[in-house]
Amino acid sequence: MADFRIEKDSLGEVRVPLDAWYAAQTQRAHDNFPISGIRFPRRFIEAMGTIKLAAARANFGLGILDSDIMKAIVQASDQVRSGQYDDQFVLDIFQTGSGTSSNMNANEVISNLATVAKGGKRGDKLVHPNDHVNMSQSSNDVIPTAMHVSAAVAIKMELLPALESFQTSLKAKAVEFDDVLKSGRTHLMDATPVRLGQEFEGYAAQIGSCLRRLNLALEELSQLALGGTATGTGINCPAGFAPSAIQFINELTGIQFREADNHFEAQAAKDAFVQASGTLNTTAVALMKIANDIRHMSSGPTSGLAEIQLPAIQPGSSIMPGKVNPVMSEAMMMVCAKVMGNHVTITTGGQHGNFELNVMMPVMAHAMLESITILSGSVNAFRDFCLVGITADRERCRELLELNPAIATALNRSIGYDMASKVAKASASQKKSVRQVVLEMKIMDESTLNEVLDVRHMTEPGVPGE
């Protein structure tokens, strides 16, 4: 028996695997783009199912889609939304730049599922992929809509919760380490004292800013192209379709989307998408700084800073016994580098909105969703396997701080900058503490010196010598 069936499209007959739920246009695209094997991720397929379901309900509400067909499309679209047929979305992301092939992939899968539900066979088109599933739509407004919906849902459901949890743990460490006095560093050189807790407060504030920017990005992504159809004019789209369909999308996602202010901008330009990617890029920059600081502060155990200790989660060398490395920092740094690269891809893609349509949407969508996924995963892993288990070596911090010549800054108002500079140089060259040098030089008595060199005071605002 044949293991394929014959499907037809406007170009003629096509052999399609017998058990495939897609049809001719998907098969052609599958054959035409054997490039990478990289397919659209779950969130994008979910968004496509959401859009098709919402469109069917809107079309029924407008009186242009039969009730039985609407119900069959809704049922099939919901199955696509839930992930039951992800294996039927077989197309490479490197395809037609409009994503038409992937829109037809969704149309054909839903068409065949709905047709079988109505008692037909695959390929019978009792529910037609174009006339019914794609009613009031075009690939040119569906794909940009799916880009925004999938990215917004992924940010809300994955990245925001991961960063909020990360920030909570950073704040907890800031409280835990508030009593740890240590050397500050500027230009990688010793600077005036800080508290380890203050450094972690700074990291938490960075993540707080990232959260604020991501919520602004969600506002940018809230405008949907749906209703613009082929070129933004809305041809073949009845009045009222877009707001009705978008309301159904809102109910399904829990996010408040709205129709684009200008459909020509929404389909030809991808500026909001580029801006959202820029926010992910900024988040990656923040995480790179945090990961780097933590691995540097943990360097050692004997030849580095060793101010903090990281959980030992795996051996660090195949040859050096007992070596443990800051692997979670390194993993996060690699994720950040990948996100930065994805931002370049999205930025380049955004430049190719040629006249009425952007022609690099599939790769932009994939890059965005990959960035959201790996950022979320790396933040969660870093928190669970590194951050929550960090401990401070208080004695080591005190030891390094005692030898820090920058403590002499606190002497400025008492003995002047020039004399304080001499003390700092003597401290560095003689490997003696500033306290010891001042006493040996008999610049001030011990009681006064103790008051001036109150290290805790140096880390608080409004103190002399700041």
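Could you please let me know if residue 253 is over 22 Å from the mean Cα position of the chain (by Cα) and not hydrophobic (A, V, I, L, M, F, W, C)?
So residue 253 fails the test.
Looking for whichever is among the hydrophobic types (A, V, I, L, M, F, W, C), farther than 16 Å from residue 62 by Cβ and touching a residue at least 40 places away in the same chain (Cβ under 8 Å) here; the options are 260, 272. Which one fits?
Of 260, 272, the one residue that is among the hydrophobic types (A, V, I, L, M, F, W, C), farther than 16 Å from residue 62 by Cβ and touching a residue at least 40 places away in the same chain (Cβ under 8 Å) is 272.
Could you check how many residues of the range 301-311 are modelled with pLDDT under 95 and under 32 Å from the mean Cα position of the chain (by Cα)? First the steps, then the outcome.
First, the residues of the range 301-311 that are modelled with pLDDT under 95: 301-303.
Narrowing the set further to residues that are under 32 Å from the mean Cα position of the chain (by Cα) leaves none.
Residues meeting the conditions: 0.
Take residue 142 and decide whether it is assigned to a helix (DSSP H, G or I) and surrounded by fewer than 23 Cβ atoms within 10 Å (Cβ to Cβ).
On the way: assigned to a helix (DSSP H, G or I): yes; surrounded by fewer than 23 Cβ atoms within 10 Å (Cβ to Cβ): no.
Against the criterion (assigned to a helix (DSSP H, G or I) and surrounded by fewer than 23 Cβ atoms within 10 Å (Cβ to Cβ)), residue 142 does not qualify.
Restricted to the range 8-46, and to residues that are among the small types (Gly, Ala, Ser) and part of a helix (DSSP H, G or I), which residue is farthest from residue 364 (Cα to Cα)?
Restricting to residues being among the small types (Gly, Ala, Ser) and part of a helix (DSSP H, G or I), the top hit is 24.
Identify the residue in the range 313-352 that is outside any helix (DSSP H, G or I) and hydrophobic (A, V, I, L, M, F, W, C) and, among all such residues, is surrounded by the most Cβ atoms within 10 Å (Cβ to Cβ).
The extreme case among them is 324.
For the structure I just gave you, tell me whether residue 365 is of a type in the set (A, V, I, L, M, F, W, C), buried (at least 17 other Cβ atoms within 10 Å of the Cβ) and within 30 Å of residue 282 (Cα to Cα). Please lay out each step first, then the result.
Values: of a type in the set (A, V, I, L, M, F, W, C): yes; buried (at least 17 other Cβ atoms within 10 Å of the Cβ): yes; within 30 Å of residue 282 (Cα to Cα): yes.
Spelling it out, residue 365 is indeed of a type in the set (A, V, I, L, M, F, W, C), buried (at least 17 other Cβ atoms within 10 Å of the Cβ) and within 30 Å of residue 282 (Cα to Cα).
Given 192, 233, 186, 229, which one is buried (at least 16 other Cβ atoms within 10 Å of the Cβ) and over 16 Å from residue 134 (Cα atoms)?
From the options 192, 233, 186, 229, the qualifying one is 192.
Which one is farthest from residue 153 (Cα to Cα), of the residues in the range 47-84 that are under 36 Å from the mean Cα position of the chain (by Cα) and not in a helix (DSSP H, G or I)?
So, considering only residues that are under 36 Å from the mean Cα position of the chain (by Cα) and not in a helix (DSSP H, G or I), the one farthest from residue 153 (Cα to Cα) is 84.
What number of residues within the range 195-226 are free of Cβ contacts under 8 Å to residues at least 60 places away in the same chain, surrounded by fewer than 22 Cβ atoms within 10 Å (Cβ to Cβ) and closer than 30 Å to residue 387 by Cα?
Number of matching residues: 9.
I'd like the full set of residues that are assigned to a loop (DSSP other than H, G, I, E, B) and crowded, with 24+ Cβ neighbours inside 10 Å, limited to the range 257-274.
The answer is 260, 270.
Which residue, of 333, 364, is over 22 Å from residue 44 (Cβ atoms) and either in the same structural domain as residue 267 (by TED's automatic domain parsing) or aromatic (Phe, Trp, Tyr) (or both)?
Within the list 333, 364, the selection yields 333.
Out of 439, 401, I need the residue that is in contact (Cβ under 8 Å) with a residue 24 or more places away in the chain and either over 30 Å from residue 331 (Cα atoms) or among the polar types (S, T, N, Q) (or both). Which one? Can you show your working first?
Working: 439 fails: in contact (Cβ under 8 Å) with a residue 24 or more places away in the chain.
From the options 439, 401, the qualifying one is 401.
Output the residues belonging to the range 233-246 that are over 15 Å from residue 150 (Cα atoms) and either assigned to a loop (DSSP other than H, G, I, E, B) or touching a Phe, Trp or Tyr at 6+ places or on another chain (Cβ under 9 Å) (or both).
If the condition is that a residue be over 15 Å from residue 150 (Cα atoms) and either assigned to a loop (DSSP other than H, G, I, E, B) or touching a Phe, Trp or Tyr at 6+ places or on another chain (Cβ under 9 Å) (or both), then 233, 234, 235, 236, 237, 238, 239, 240 are the ones that fit.
Please find, among 175, 194, 149, the residue that is in the same structural domain as residue 309 (by TED's automatic domain parsing), under 24 Å from the mean Cα position of the chain (by Cα) and either of a type outside the set (S, T, N, Q) or part of a helix (DSSP H, G or I) (or both).
It is 149.
The values are calculated or read from the model by the stated rules, or taken from the named source; none is laboratory data. Keep in mind that what you see is a predicted model, and the values were worked out from it rather than measured. Cβ atoms come from the backbone with ideal geometry, glycine included; neighbour counts cover every protein chain shown.
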